[in-house]
1. Starting at 0 and stepping by 10 Å, how many percent of the alpha carbon pairs of the chain end up in each bin?
2. Taking a cut-off of 17 Å, what percent of all Cα-Cα pairs in the range 78-143 are separated by more than that?
3. For residue 70, enumerate residues with amide H under 5 Å from its amide H, sequence gap 5+ or separate chain, H modeled in the peptide plane.
4. When the dipole is taken about the Cα centre of the chain, and only Lys, Arg (+1) and Asp, Glu (-1) are charged at their Cβ, what size is it in debye, to the nearest 20?
5. Can you list residues from other chains, or at least 5 along the same chain, whose modelled amide H is less than 5 Å from the amide H of residue 8?
6. Run the numbers on the chain and let me know its relative contact order in percent, using alpha-carbon pairs under 8 Å that are six or more apart.
7. At a 1.4 Å probe radius, carbon and sulfur cover how many percent of the accessible area of the chain?
8. Nearest 5 percent is fine: what portion of the DSSP beta bridges confined to the chain is antiparallel?
Amino acid sequence: MQQGKLIVVSGPSGVGKGTIVKTIVKRREDVVESVSCTTRAPRVGEVHGREYFFLSKEEFARRIDEDDFLEYDEHFGNFYGTPKSFVKEMLKEKHVILEIDVVGALNAKKAFPESVLVMILPPSIDELFRRLTGRGTETLEEVKNRIERIEYELAQKEKYDYVLINDDLEKAIEEFSAIIDNGVSKK
Ligand code: ADP
Ligand code: 5GP
């Protein structure tokens, strides 16, 4: 059976990761997005198994002991992790995309060296600022915090297999799709 590729995507908040990944998953039947586990409570409208697998702290700890996370991390007092068995099961049939921050992505690469790491960057910081404010989901303060993180993210880009600039959206979607088909890991 053809084994799918694990594609790990990072990049600054607001760069267009979600837009690109969701479009590709909609257009291509051979690509799916992974669902992470978290100990945080579901927000209104979130569905177990769709946005996240919502687990108790005890269940999450048990799965850490069983080595069932490709990587996991703590954010804002809650745990988040990529479920290894779930991803491996999906990889039997499809390419799997993980959208994950730089720290998580590098941990995933350690656990799964054949994964292909893709960093998406904006054409400029000004454009990133425009997209983040245009999205309208963060306050100005949050937008500034997110922009400040970009230096750290940029410093890690050499560790990535591919760096893709999301300028023209359709072109970026095509380039990302080509990486899924032809991309290889430097390991
Ligand atoms: P992320 O998932 O990286 O945080 P989003 O996918 O939510 O980013 O995109 C942030 C905003 O930028 C959204 O409003 C989206 O429609 C817009 N956007 C994404 N790609 C482009 C692009 N190439 N050109 C202009 N706007 C874009
Ligand atoms: P939220 O609670 O807003 O959905 O997510 C909070 C943070 O958790 C975000 O920064 C998100 O990227 C991160 N996150 C979500 N899933 C995972 C995961 O599987 N692993 C890691 N390391 N972080 C995750």
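The values are calculated or read from the model by the stated rules, or taken from the named source; none is laboratory data. Because the structure is predicted, anything quoted here is derived from the model rather than measured. Methodologically, a virtual Cβ is constructed for each residue, glycine included, from the backbone with ideal geometry; neighbour enumeration extends over all protein chains shown. Surface areas here come from the heavy atoms of the whole protein model, side chains and all, with no ligands, DNA or RNA. Shrake-Rupley method; radii C 1.70, N 1.55, O 1.52, S 1.80 Å.
1. 9, 35, 39, 17, 1
2. On the way: 1253 of 2145 pairs.
It works out to 58 percent of all Cα pairs.
3. 82, 84
4. On the way: 29 positive and 35 negative charges, 41 e Å.
For the chain, the charge dipole is close to 200 debye.
5. When sequence neighbours closer than 5 places are left aside, the close amide H contacts are 98, 116, 117, 118.
6. Values: 287 pairs, mean separation 60.3, N = 187.
Relative contact order of the chain: 32 percent.
7. Numbers: 5350 of 10380 Å².
Of all accessible area on the chain, carbon and sulfur atoms account for 52 percent.
8. Values: 8 of 27 bridges.
That works out to approximately 30 percent antiparallel.
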